[in-house]
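Worksheet: one structure, shown below.
The values are calculated or read from the model by the stated rules, or taken from the named source; none is laboratory data. It should be emphasised that the depicted structure is a prediction, and the values quoted were computed from it without experimental measurement. Here the Cβ positions follow ideal geometry from the backbone for every residue, glycine too, while neighbour counts run over all protein chains shown.
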């Protein structure tokens with residue numbers, strides 16, 4: 001295991017109850033020593049976003065993605081975090097475009113549909129947002145009533 005990985009695991013493991021001051025400084029120091037490590041950039045982004053520092057978080061998310069995360073789950077989490085930052089920064093159209101790509105890359109990840117619905121609503125496309133949420137609900141629900149009425153509900157969404 002790479003030395004940076006052990007240190008990163010220790011830093012991330014030190015997060016408790018939202019207290020990130022010591023975590024942020026440790027991540028920044030680790031990132032300075034290993035600036036081309038996407039996993040460190042992603043954890044830095046998550047920490048910055050958790051502190052409401054969305055501009056800095058967005059830059060770290062973009063760097064992590066550009067460097068190429070090796071784990072699909074880390075890449076999906078990074079894409080979701082990036083979208084949330086864009087939404088908080090009022091950049092809904094940009095978030096929607098990225099989320100469309102993320103949904104194509106990770107069709108099994110329902111969080112992208114939920115974030116996309118928010119982005120569509122904030123972009124003035126409330127009808128599309130509602131249809132997407134209802135489709136997602138129908139796709140994921142095993143509720144007997146919803147299952148029984150699924151075809152009619154899907155028709156009504158598009159009518």
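On inspection, residue 50 fails the criterion of being at pLDDT 95 or above, surrounded by fewer than 22 Cβ atoms within 10 Å (Cβ to Cβ) and within 23 Å of residue 113 (Cα to Cα). Of all residues in the range 3-35, those being in contact (Cβ under 8 Å) with a residue 12 or more places away in the chain and over 22 Å from residue 85 (Cβ atoms) number 6.
Considered as a group, the residues in the range 12-27 that are assigned to a helix (DSSP H, G or I) and under 21 Å from the mean Cα position of the chain (by Cα) include one that is modelled with the highest pLDDT, and that residue is 27.
For every residue, the table says whether it meets (1) more than 25 Å from residue 157 (Cα to Cα); (2) in the same structural domain as residue 44 (by TED's automatic domain parsing); (3) touching a residue at least 24 places away in the same chain (Cβ under 8 Å); (4) surrounded by fewer than 18 Cβ atoms within 10 Å (Cβ to Cβ).
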{"position": "67", "(1), (2), (3), (4)": "yes, yes, yes, yes"}
{"position": "73", "(1), (2), (3), (4)": "yes, yes, no, yes"}
{"position": "83", "(1), (2), (3), (4)": "yes, yes, yes, no"}
{"position": "106", "(1), (2), (3), (4)": "no, yes, yes, yes"}
{"position": "120", "(1), (2), (3), (4)": "no, no, yes, no"}
{"position": "142", "(1), (2), (3), (4)": "no, no, no, yes"}
